[in-house]
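K.L.:
Got a structure for you, questions after.
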Protein chains: 2
Amino acid sequence: MQVAILAHEKFPGRAKTAVGILRYADYDVAAVLDRDRPGERVTDHVPDVQDAPIVAGMDDVGDVDALVIGIAPIGGGFDESWRPDVESALERGCDVISGLHYFLEDDDEFARLAEANDCDIWDVRKPRDDLTVSQGVADEVDAEVVLTVGTDCSVGKMTATLELVQAARDRGESVGFIPTGQTGIMIDGWGNPIDRVVSDFTAGAVEEMILERGDEYDYLFVEGQGSIVHPAYSAVTCGILHGSMPDKLVLCHEAGKEVIHGYESVSLPPISEYVSLYEGLAHPVHETEIVAGAINTSGIEDDEDARAAVAEYESALGAPAADLVRFDAEAVLEAIL
Amino acid sequence: MQVAILAHEKFPGRAKTAVGILRYADYDVAAVLDRDRPGERVTDHVPDVQDAPIVAGMDDVGDVDALVIGIAPIGGGFDESWRPDVESALERGCDVISGLHYFLEDDDEFARLAEANDCDIWDVRKPRDDLTVSQGVADEVDAEVVLTVGTDCSVGKMTATLELVQAARDRGESVGFIPTGQTGIMIDGWGNPIDRVVSDFTAGAVEEMILERGDEYDYLFVEGQGSIVHPAYSAVTCGILHGSMPDKLVLCHEAGKEVIHGYESVSLPPISEYVSLYEGLAHPVHETEIVAGAINTSGIEDDEDARAAVAEYESALGAPAADLVRFDAEAVLEAIL
C-alpha cells in the first residue's frame, strides 16, 4: 500500500508516528508532508529508514492509497492547519489513517467527503466497545511477558520494543508484539489504543491482548507508554504495568534527558529510583525485574560519545543496555531471553 | 427531593453508593429497593444514617422524584434484573440517576420512556467532552490539597473524605470537597467521574477540578479511588495521585483485610509498603506525605476490639488514625490541618 505521511513542522524529531512507520511498517511511503522542509528528503534526517521526498502538502503528492497522520501532539487534538491536506486526500479518494484523540470520522466535513468519494477514515485510537476491567490473570498465559517502561514519554519505548522483536525473531525465537499506541497499532494492524480507553479499563485492555496472543508465542513483547513519574500520563503507564503482569522489564531512556518533556519543572529522578519505583509498584500484583535498558542516543553525534552514554546508563541501571537502533541488541536480548 | 434507591441483593455491605447517599446527601430517601430484604428497614443494618423502609421493587414505593441506582458492580454494567424497576420509575415520570459505566440514556427503551413521560436520565459517570491532559499545575492553587488513598477499593475513601470535610467545617475551617466518583458526584452535585474518563486524561480531569475550586478554600479534600496495588484500578489511583499533586495523604484501610476484593490471589502488602509506594510514586511530581490514617472497623462488633484495630493500624502507619464514622476525627484532623 502506498501512503503519504503528514508531519508538518515536526519531522523528524517530534514526529514519532511518522518515523515509526518509515522504519517498521510494510507501507510504501511516497512522501512526507512537512511544510517547513519541502525539497528535502527523509534520509537527510533519518539515515536508516526507507527514503521518501518531503513535500509542502498533498498537492505535491502523486497517486497514493492513504494519507497517514504522522504526528501525535500532546492532547491528541487536530490542528486546523492540516485540514486542507486531509480534505485534498479525501477528495482524491485516498483513505485517511489517524491516531489522534480527535476522531476524524466524527468531523462532519471529513465524513461527508469520505462518503462522497468512497474512501475510508480509520481512527486507530478509537477503542472497541467491549473492553472491561482487568481480571488479573495475564500471568496465566504460556508466554513470558516482557514490557518496555520509560523514564519519560517519547524516549523510544515503541522503537526499543520493535527492535527487540525483530532481533529475537532473527535468532529464531517465537515472539509476539503487543501494540498499545497508535503507531504500534498502525504498524502491526491490530491492538487496543490504551491511552484512549476508559481509565477503569486501562489494565483490562492490555490484559485482553495478552490473553489473545499469549498462548501462541514463547515471548510477548509489550509496547509500554508514558512514564510512571509523568504528571499527565502515569495512569496509562501504571495500568499497563499491572494489566500485563510482566515477567521482565526493559527501562527505556533518552541520553542526556533531565526534565519531563513539556513539564520542565519536573526533573527526572535518578535511574535507581525508577528501578525501585517500577519494581516496587509491580511487586504486589506480579513480581518483576528490570533486566536490561534501552537508551536513545540519537542526540549524540559521535559514536564514541554515544558508547560512553550507553556505558554510563548501564552502570546506573546495573544491567546491560544498548541503543538498539544504533548499536547491537545482543547483550540486551541475552538478558531478556 | 424525594428518592428511592435501588440496591438489589447488595444492601448494605456491597452497596456503597446507596449507603453514601443515605449518610451524606441532601435527598429525602423514601425507600431502598433490595429484593432480598423486603420488610426490613435501613437502620436494621446501618444505624447512623437516615432511616427508610426496604422494599422489593418500585411497585412498593410511593410518590418519589427520582430512582437512584445505588450499586456499582465491578465493571459498572447494568443488571437486566433491574430493568423492570427502572422502567416502572420512568413510566411513573420519575427521573433516574445512575453512576454505571453503562449509560441508561443510551438504552433505547429507557430513552423512549423518559421522552414519553417527560422525565430525565442523569448518567453521572458520563464525562464532559472538554477534558484533556494534565498541565502539572495543581500545586499552584492557594488551597492545601489533601488526598485520601487506599489499601484497596471499597475500604472507605469517600466516607473518610466526607467525614473529614464535615469535621473540618464543624471547626470553622474553609474546606472544599473534590468528588471523583459517582457517589461523591451525586452527593455534591458536580465533579468529573475519573474512572470513566479517557485514560490519557485521568490526571487532567482531577487537575481541572483542583484549579476550579482551589483558590476558593484553604483546604481541598480530594476523594481518592482504588488502590495503587489494585490489579484493575491502579491506573485511576495513579492518575489522581499525580494530577491532584496533594500536599498530604490519608491512607484508608479496612480492618482485617488481607487480599484485594475480587482478586483473592493478590495479598495486601504491609502498610509500610503502601506508605513508601504512595510517597515514592508522588515524589518526582510533587512531594507529599501520609500524615494520617482512616480505618473502617465496621466488621468488628465490639468497640474495644475496634479500638485495638485502630491502635494496631496507627502503629503500622506511624501516624494518627481513626475510624472516622465510629470514633472521633480530632486526632486525624489535627495531623492534617
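The values are calculated or read from the model by the stated rules, or taken from the named source; none is laboratory data. On a predicted model such as this, the values are computed, not experimentally measured, just so you know. Quick reminder, even Gly has a Cβ in these numbers, built from the backbone with ideal geometry, and neighbours come from all protein chains shown. For the accessible areas, the whole protein counts, side chains as well, though only heavy atoms, and no ligand, DNA or RNA atoms are used. Shrake-Rupley method; radii C 1.70, N 1.55, O 1.52, S 1.80 Å.
K.L.:
Counting DSSP beta bridges with both partners in segment B:138-336, what percentage is antiparallel, nearest 5?
P.N.:
10 percent
K.L.:
Further question on the same structure: Projecting each Cα onto the charge dipole of the protein assembly as shown (Lys/Arg +1, Asp/Glu -1 at the beta carbon, about the Cα centre), which of A:Gly293, B:Leu131, B:Phe110 comes out farthest on the positive side?
P.N.:
A:Gly293
K.L.:
Which residue, B:Gly93, B:Ala309, B:Leu220, has the largest displacement toward the positive end of the dipole of chain B when charges sit on each Cβ (Lys, Arg +1; Asp, Glu -1)?
P.N.:
Sorting the options by dipole projection puts first B:Ala309.
K.L.:
Right, something else. Let me have the 222 nm mean residue ellipticity of chain A computed from DSSP H runs of 4+ only, each contributing -39500 (n - 2.57), with the sum over all residues rounded to the nearest 500. Intermediate values should be presented prior to the final figure.
P.N.:
Details: 10 runs with 105 residues, N = 337.
The per-residue figure over chain A is -9500 deg cm²/dmol.
K.L.:
Could you go through segment A:293-304 in sequence order and give the Karplus-derived ³J(HN,Hα) for each residue, using 6.51 cos²θ - 1.76 cosθ + 1.60 with θ = phi - 60°, rounded to whole Hz, and x for Gly and Pro?
P.N.:
x, 10, 10, 8, 9, 5, x, 10, 6, 7, 4, 5
K.L.:
Answer with one residue from A:Ile178, B:Pro246, A:Phe201: the one whose Cα lies farthest towards the positive end of the charge dipole of the protein assembly as shown, charges on Cβ with Lys, Arg +1 and Asp, Glu -1.
P.N.:
Checking the options against the dipole of the protein assembly as shown, the answer is B:Pro246.
K.L.:
Given R₀ = 22 Å, what would the calculated FRET efficiency be for B:Ser174 paired with B:Glu279, taking r from the Cβ atoms and rounding to 0.05?
P.N.:
It comes out at approximately 0.25.
K.L.:
Determine the shielding of peptide B:190-200 by partner chains: average, over its residues, the number of Cβ atoms on other chains within 10 angstrom of each Cβ.
P.N.:
Averaged over the peptide's residues, the number is 6.
K.L.:
Report, in debye and to the nearest 20, how large the dipole of the protein assembly as shown comes out about its Cα centre when Lys and Arg carry +1 and Asp and Glu carry -1 on their Cβ.
P.N.:
In total the dipole reaches around 480 debye.
K.L.:
For a quick check: with amide H placed at 1.01 Å from N, whose amide H comes under 5 Å from B:Leu6's, ignoring anything fewer than 5 positions away on the same chain?
P.N.:
Correct list: B:Leu33, B:Val68, B:Ile69, B:Gly70.
K.L.:
Let me ask something else about it. Apply the Karplus curve 6.51 cos²θ - 1.76 cosθ + 1.60, θ = phi - 60°, to the phi angles in segment B:221-234 and return the couplings in whole Hz, x for Gly and Pro.
P.N.:
9, 9, 6, x, 9, x, 7, 5, 10, 7, x, 10, 9, 4
K.L.:
Here is a further query. Taking amide H atoms as placed 1.01 Å from N in the peptide plane, list the residues 5 or more away in sequence, or in a different chain, whose amide H sits under 5 Å from that of B:Ala52.
P.N.:
B:Val42, B:Thr43
K.L.:
For segment A:2-123, what is the accessible area per residue in Å² when the probe is 1.4 Å?
P.N.:
So segment A:2-123 comes to 42 Å² accessible per residue, rounded to a whole number.
K.L.:
Can you compute 3J(HN,Hα) from phi for each residue in segment B:172-183, using the Karplus curve 6.51 cos²θ - 1.76 cosθ + 1.60 with θ = phi - 60°, rounded to whole Hz and x for Gly and Pro?
P.N.:
For segment B:172-183, the Karplus curve yields x, 6, 8, 10, x, 9, 10, x, 10, x, 4, 5 Hz.
K.L.:
In the protein assembly as shown, what percent of the accessible surface is made up of carbon and sulfur (1.4 Å probe, ligands and nucleic acids excluded)?
P.N.:
Whole-percent figure for carbon plus sulfur exposure: 42.
K.L.:
Hey, got the average number of other protein chain Cβ atoms within 10 angstrom for residues in B:129-139?
P.N.:
That average works out to 4.
K.L.:
Taking the protein assembly as shown, how many lysine pairs are there with alpha carbons less than 23 Å apart, if each pair must be eight or more places apart or span two chains?
P.N.:
17
K.L.:
Considering amide H positions built from the backbone, and no H for Pro or chain starts, which residues 5 or more places from B:Asn296, or on another chain, come under 5 Å of its amide H?
P.N.:
Here the answer is B:His253, B:Glu254, B:Ala255, since their amide H atoms fall under 5 Å of that of B:Asn296.
K.L.:
Let me ask something else. Could you work out which residue, out of A:Asp302, A:Asp215, A:Asp28, moves most in a Gaussian network model of chain A, that is, has the largest mean-square fluctuation with Cα springs under 10 Å?
P.N.:
A:Asp302
K.L.:
What dipole magnitude, in Debye to the nearest 20, does chain B give about its Cα centre under +1 on Lys/Arg Cβ and -1 on Asp/Glu Cβ? Numbers along the way, then the final one.
P.N.:
Numbers: 22 positive and 67 negative charges, 104 e Å.
Result for chain B is approximately 500 debye, rounded to the nearest 20.
K.L.:
About the Cα centre of segment B:138-336, what is the dipole size in debye to 20, counting +1 per Lys and Arg Cβ and -1 per Asp and Glu Cβ, all else neutral? Before the final figure, lay out each step's value.
P.N.:
On the way: 9 positive and 37 negative charges, 97 e Å.
My answer is approximately 460 debye.
K.L.:
Here's a follow-up. Please give the net charge around A:Tyr278, taking every other residue with its beta carbon less than 13 angstrom from that of A:Tyr278, where Lys and Arg add +1 and Asp and Glu add -1.
P.N.:
Counting the neighbours of A:Tyr278, the net charge comes to -2.
K.L.:
What distance in nm lies between label points placed 7 Å from Cα along the C-beta direction at A:Asp129 and A:Arg213?
P.N.:
2.6 nm
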